[in-house]
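*Asks:* Supplied in structure tokens, the structure appears directly below.
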Amino acid sequence: MKLNRIILPLMACALTWSSCDDQIMEWKNSDGSITASDIPLALKEKIANYDYIKSYVAQYAPNMNVGLGLGADLYINDAAYRTIADANFQMFTTGNAMKHSAVVKANGELNFTTIDAFLNLVPADIQIYGHNFLWHTQQKQTYLKSLIAPEVVVEVGDDDVCENIVGNYGFEGGNANGWTGLWGKYNYAVEQPGHDSDYAIRFTMTSESNANYDCQLFWPTGMLETGVTYAYSFWVKSDQNIAVQFIGQNSSYDGIYKDTFTAPSEWIRCIGEFTYAESDTKDIERVGIQFGGTPGSTVWVDDFKFGKKIEEKMINIIDDGKFEDGTLGSWFGWGNGSTRTISEKGQGYNSDYCMVMVNPSDGDSWSAQTAHSFPETLTVGKTYMYSAMVKATVINPDFTLQVQDANGGSGEGYVSAATAVDQWIPIEGEFVCKNEGIARLCINYGKVAGTYYIDNFKFGEKKETATAQTLRASTRAGGISYKLKTPEEKKAALLGAMEAWIKGMLQHQGMERVKEWDVINEPIADNNQWRGIDGNFMSNGEDAPDTAPVEDEENGLNLNWANDHFYWGYY
């Protein structure tokens, strides 16, 4: 009977194979009752005489390679699986390990950890087929979106603790546009009045709210940067002293959990900061608060701001450091034939104008200088701070700020930085004044010939940062707007990323093992049109199919594509 239970299914399979036009096997699970000891001796001997698949291929089809699509992680970690694969096949293709989303990190760097482990294990006589460079899915969307996303223009208010990136931070349009997480166990409305404003958002928890995470509110931030210190502030009140916790989440709902505040019956300002570390949950892309767990309670939230922490502030005494009136104001300079002019409109740092300084030839750092006199001499013993944004056409490792007396002597307070080519960078620092008579600041840029741009220059006495959580906001500034990139800028950025990605893969040590590559995978959609062109996106059976991106100066870029979908052809 057991022999029949071996033979009859084999006969059924044979009939199935002969009757199917598409040659697809109908796989069945074993019933578990037959063991190796039940196989007749003659059949065991016959099975034992079979060779490996690639031996028959070499004998009967010498011009053909038989390959296997496999999971790189399974091949690396399962020795039995690896042994069978190595023994039977002549070529491997990894299912996902060589795709864009598996290799490219959120900052564009390439992570070869899995690929290197795979290459080191594959025997030298087995070919590798590369799969793949470009697709409409499994592309690192977060990185590619960052290349085409508009530049964020941040307005910092007098009382802000961060460079706020939350657009609808005060709900002043009478709506909750841009906010997510509005699916919790609560009812909500944007209503009047707010905290020193027209509107705030009000949440009333339902009877189903039993835990803090039952009620959440989030603003999408894009990926946070490792090593960066972020700060946040918001105003909150409640009718039952509700616990409100600041949190961040990734797309899989894993999160970081920070300070918890008790919301009293009167508005209170909640302030906090944290440095996003390697040890934190990766790919945090939204921040907000959670406040559930008290059925029937009500919470109000207003002025929610989040962004990179604003460093210690100063009492700025330079009133013409933004150059927005189109003049140099009180700035002057000398040395090496250097010049100082106002930029063309639109060349400033998130603004119209900046100062342009040209040094015609290499020299010492002080060979070319630009200066600004103080309203009064500095006070010995006090701490002073610099802050400026600098861009250049050259790398100058000794771009320096300093202070000196009216005759150019008694120099002190030196702060140096290396400029970046065609990229704005901050240069800042502080010092304690040691000499009497310090009457002006000085910018030294004579070491390397080139053109230097400087904007948002501030100088003044360092002041203590207010930290009390009950402070009232002195202004309601601190929003953001977006400076859109042109189609040409987007195309250039993506072509650069494409070249860096493909070249990085091909030039990586060990990749000479790869015999051939898939360059573009499935570029044509089901209706015989190019994916992503003329609105031709894929639904993939999802509830929310991909649609054309939406972008404007008020809300930035909404890509409208599912996670890790990216249609290169659209741009």
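Laboratory data are not the source of any read-out in this text; all were calculated from the coordinates shown. Just so you know, these numbers come straight off a predicted model, no measurement behind them. Glycine also receives a Cβ, built like all others from the backbone with ideal geometry; neighbour counts cover every protein chain displayed.
*Asks:* Given the -39500 (n - 2.57) contribution per DSSP H run of 4+ residues, what per-residue ellipticity at 222 nm results for the chain, rounded to the nearest 500 deg cm²/dmol?
*Replies:* When only DSSP H runs of four or more count, the value is -5000 deg cm²/dmol.
*Asks:* Determine the dipole magnitude for the chain: charges of +1 sit on the beta-carbon of Lys and Arg, -1 on that of Asp and Glu, nothing else is charged, the reference point is the Cα centre, and the result goes in debye to the nearest 20. Intermediate results must be reported in sequence, preceding the final value.
*Replies:* Values: 43 positive and 75 negative charges, 234 e Å.
For this selection, approximately 1120 debye.
*Asks:* Using each residue's phi in the stretch 62-68, evaluate 6.51 cos²θ - 1.76 cosθ + 1.60 at θ = phi - 60° and report the 3J(HN,Hα) Karplus result to the nearest Hz, with x for Gly and Pro.
*Replies:* Result, ordered by residue: x, 9, 10, 9, 10, x, 9 Hz.
*Asks:* Okay, moving on. Residue by residue, what Karplus-based ³J(HN,Hα) values in Hz, rounded to whole numbers, does the stretch 448-456 have, using 6.51, -1.76 and 1.60 with θ = phi - 60° and x for Gly and Pro?
*Replies:* 10, 5, x, 10, 10, 10, 9, 8, 6
*Asks:* If amide hydrogens are placed 1.01 Å from N in the peptide plane, which non-local residues have theirs closer than 5 Å to the one on residue 286?
*Replies:* For residue 286, the qualifying residues are 221, 249.
*Asks:* Can you find, among 272, 520, 493, the residue farthest towards the positive end of the dipole of the chain? Put +1 on the C-beta of Lys and Arg, -1 on that of Asp and Glu.
*Replies:* Checking the options against the dipole of the chain, the answer is 520.
*Asks:* Further question: So how far apart, in nm, are the two label points at residue 44 and residue 96 if each is 7 Å from Cα heading toward Cβ?
*Replies:* Simple spin-label model gives 4.1 nm for this pair.
*Asks:* For the stretch 484-564, what does the alpha-carbon gyration tensor say about shape, rounded, prolate or oblate, given a ≥ b ≥ c as the root eigenvalues, a/c under 1.5 as rounded, and a/b over b/c as prolate? Don't skip to the answer; put the middle values down first.
*Replies:* Working: a/c = 2.43, a/b = 1.41, b/c = 1.72.
It comes out oblate by the Cα gyration axes.
*Asks:* In terms of modelled amide H atoms, which long-range or inter-chain residues lie less than 5 Å from the amide H of residue 440?
*Replies:* 374, 404
*Asks:* Determine the distance separating the Cα centre of the stretch 389-418 from the Cα centre of the stretch 353-368; give it in Å without decimals.
*Replies:* Computed from Cα coordinates, the inter-centre distance equals 11 Å.
*Asks:* Which label marks the calculated value of Cα extents along the principal axes in Å, given the options (i) 74, 56, 46; (ii) 106, 68, 46; (iii) 99, 65, 61?
*Replies:* Answer by label: (ii).
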